[in-house]
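Student: Take a look at this one; I'll ask things after.
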Amino acid sequence: MGGSGTAPSFSAAYGSGIIRRDYIPFLFGFFVLLGAVLAGDKVIDTIGGAVLPAEHMGIVVVSIVLLASALSIFLANLLKVPQSTSQSTVFALVGCAVPLQILDSTRLVYEMVPTWLFMPLISFALAYGLGYIFIKARHKSDSASFKKVSGNNVWKYITIASSCYVAFSIGSNNVANSAGPLASLAANQLGPGGGESLMMLLSIMLVAPWFGIGSALLGRGVTKAIGQEIIQIGVLGATFISLITATLLLLASTTLGIPTSLVQMNTFAVIAVGMLKIGPRRILSRLSILKLFTVWVIAPLFALVTAYLITVGALKIGLLTL
């Protein structure tokens with residue numbers, strides 16, 4: 001998950017040449033951990049029991065869910081495409097719950113799916129609207145130049161700070177994809193009154209550091225895919241894209257408790273900036289855009305099918321029972 005999450009947090013700063021790649025995993029990992037501890041509890045509760053009831057989170061079920069989602073995200077990282085860790089995890093939960101006949105689809109249908117659909121569109125609209133108002137309209141030109149901003153080093157620090165803010169928001173949302181099932185598993189093992197809050201904190205401390213490790217091992221290609229292959233982003237564009245997407249994700253975490261996709265919101269914002277810079281036809285015709293949308297569809301389905309097949313196999317050999 002760290003390999004995929006690095007792109008929406010630091011690709012803008014990296015693509016603009018503001019920060020060295022070697023520094024990114026440390027900053028990313030620290031702020032992910034901070035976001036998970038301070039603002040991740042609601043999403044952890046959702047992942048830990050809203051789709052697949054918490055009382056059924058045994059060792060076999062949790063292992064299947066984490067394996068299926070991890071394989072899905074790993075394949076996306078190999079293709080150098082940032083993938084929604086939330087969607088892969090939720091689809092893995094669905095794939096496990098269906099053969100066990102314990103699927104709770106209420107929040108999935110009425111809260112998660114609408115959030116997944118509307119958040120990227122909101123991100124696109126905000127990025128395009130603000131970009132048009134403050135850049136295109138201000139300069140009264142046919143294309144917005146996001147590189148024609150002050151060369152003052154203050155902008156560099158602002159952009160790095162906004163990248164750290166994105167990492168914090170990722171911690172508030174995406175750490176739950178692993179920590180949620182683990183927290184429910186631990187609480188079930190201890191029984192009623194087993195210290196759910198403590199189990200949640202321990203799960204966060206176990207999972208969050210691996211985001212930094214994933215960033216170091218798998219994040220380079222994914223970061224370049226968003227930061228350089230789609231469009232070169234200047235300092236100002238990098239900063240407001242980070243602020244828009246991180247704020248939307250943090251709101252989804254702290255108010256709704258919905259696991260949602262930062263990478264999709266970030267990519268839609270980058271596309272909006274690209275449209276202002278080089279026009280809709282040129283940005284949408286790029287192969288990387290088609291590749292992104294293809295993987296976004298295939299990866300969650302892969303997680304669902306993988307979890308479903310493993311669960312069916314576990315039922316047949318007696319590792320799980322209905």
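Student: Among the residues in region 286-295, are any modelled with pLDDT of 80 or more and buried (at least 16 other Cβ atoms within 10 Å of the Cβ)?
Tutor: yes
Student: Just to be sure I understand the filter: pairs with C-beta atoms under 7 Å, separated by 6 or more residues or on different chains, first member in region 167-178 and open to solvent by 10 Å² or more (accessible area, probe 1.4 Å), second member among the hydroxyl-bearing types (Ser, Thr, Tyr). Which pairs pass?
Tutor: Final answer for the pair search is ASN174/THR85; ASN174/SER86.
Student: Show the residue pairs meeting these rules: Cβ distance below 7 Å; 6+ apart or different chains; first residue within region 279-306 and farther than 15 Å from VAL94 by Cα; second residue among the acidic types (Asp, Glu) and in a helix (DSSP H, G or I).
Tutor: Pairs that qualify, where the first residue is farther than 15 Å from VAL94 by Cα and the partner is among the acidic types (Asp, Glu) and in a helix (DSSP H, G or I), are SER288/GLU229.
Student: A further question on this structure: Within region 32-43, identify whether any single residue is in contact with a Phe, Trp or Tyr (Cβ under 7 Å, 6 or more places away or on another chain), within 22 Å of LEU243 (Cα to Cα) and either of a type in the set (A, V, I, L, M) or not in a helix (DSSP H, G or I) (or both), and answer yes or no.
Tutor: Yes, region 32-43 contains a residue that is in contact with a Phe, Trp or Tyr (Cβ under 7 Å, 6 or more places away or on another chain), within 22 Å of LEU243 (Cα to Cα) and either of a type in the set (A, V, I, L, M) or not in a helix (DSSP H, G or I) (or both).
Student: Being at pLDDT 90 or above and β-branched (Val, Ile, Thr) is the filter here, so list the residues in region 110-162 that pass it.
Tutor: Within region 110-162, VAL113, THR115, ILE122 qualify.
Student: Just name the residue that is nearest to LEU206 (Cα to Cα) out of those in region 1-39 that are among the hydroxyl-bearing types (Ser, Thr, Tyr) and either modelled with pLDDT under 75 or open to solvent by 10 Å² or more (accessible area, probe 1.4 Å) (or both).
Tutor: If we take residues in region 1-39 being among the hydroxyl-bearing types (Ser, Thr, Tyr) and either modelled with pLDDT under 75 or open to solvent by 10 Å² or more (accessible area, probe 1.4 Å) (or both), then SER4 is nearest to LEU206 (Cα to Cα).
Student: Is it fair to say ILE283 is at pLDDT below 80 and open to solvent by less than 10 Å² (accessible area, probe 1.4 Å)?
Tutor: Answer is yes for this residue.
Student: Being hydroxyl-bearing (Ser, Thr, Tyr), at pLDDT below 85 and within 25 Å of TYR23 (Cβ to Cβ) narrows it down to one residue among SER178, SER197, SER242; which is it?
Tutor: SER242
Student: Filter region 47-84 down to residues that are open to solvent by 10 Å² or more (accessible area, probe 1.4 Å) and closer than 24 Å to ALA216 by Cα, then give me how many there are.
Tutor: So the answer is 10.
Student: For region 179-211, name all the residues that are within 20 Å of SER69 (Cα to Cα), of a type in the set (Gly, Ala, Ser) and buried (at least 24 other Cβ atoms within 10 Å of the Cβ).
Tutor: ALA179, GLY180, ALA183, SER184, SER203, ALA208
Student: If you check VAL263, VAL273, which single one turns out to be modelled with pLDDT under 85 and over 17 Å from THR6 (Cα atoms)?
Tutor: VAL273
Student: Here's something else I'd like to know. Can you confirm whether region 311-319 contains a residue that is part of a helix (DSSP H, G or I), of a type outside the set (Lys, Arg) and open to solvent by 90 Å² or more (accessible area, probe 1.4 Å)?
Tutor: no
Student: Right, another one. Report whether or not VAL90 is at pLDDT 95 or above, over 14 Å from the mean Cα position of the chain (by Cα) and not in a loop (DSSP other than H, G, I, E, B). Please lay out each step first, then the result.
Tutor: On the way: at pLDDT 95 or above: yes; over 14 Å from the mean Cα position of the chain (by Cα): no; not in a loop (DSSP other than H, G, I, E, B): yes.
Judged against the criteria, VAL90 is not a match.
The values are calculated or read from the model by the stated rules, or taken from the named source; none is laboratory data. Nothing here was measured: the structure is a model prediction, and the numbers come from that model. Every residue, glycine as well, gets a Cβ built from its backbone with ideal geometry; the counts of neighbours run over all protein chains shown. Each accessible area value is taken on the protein alone, full model and side chains, heavy atoms only, with ligands, DNA and RNA left out. Shrake-Rupley method; radii C 1.70, N 1.55, O 1.52, S 1.80 Å.
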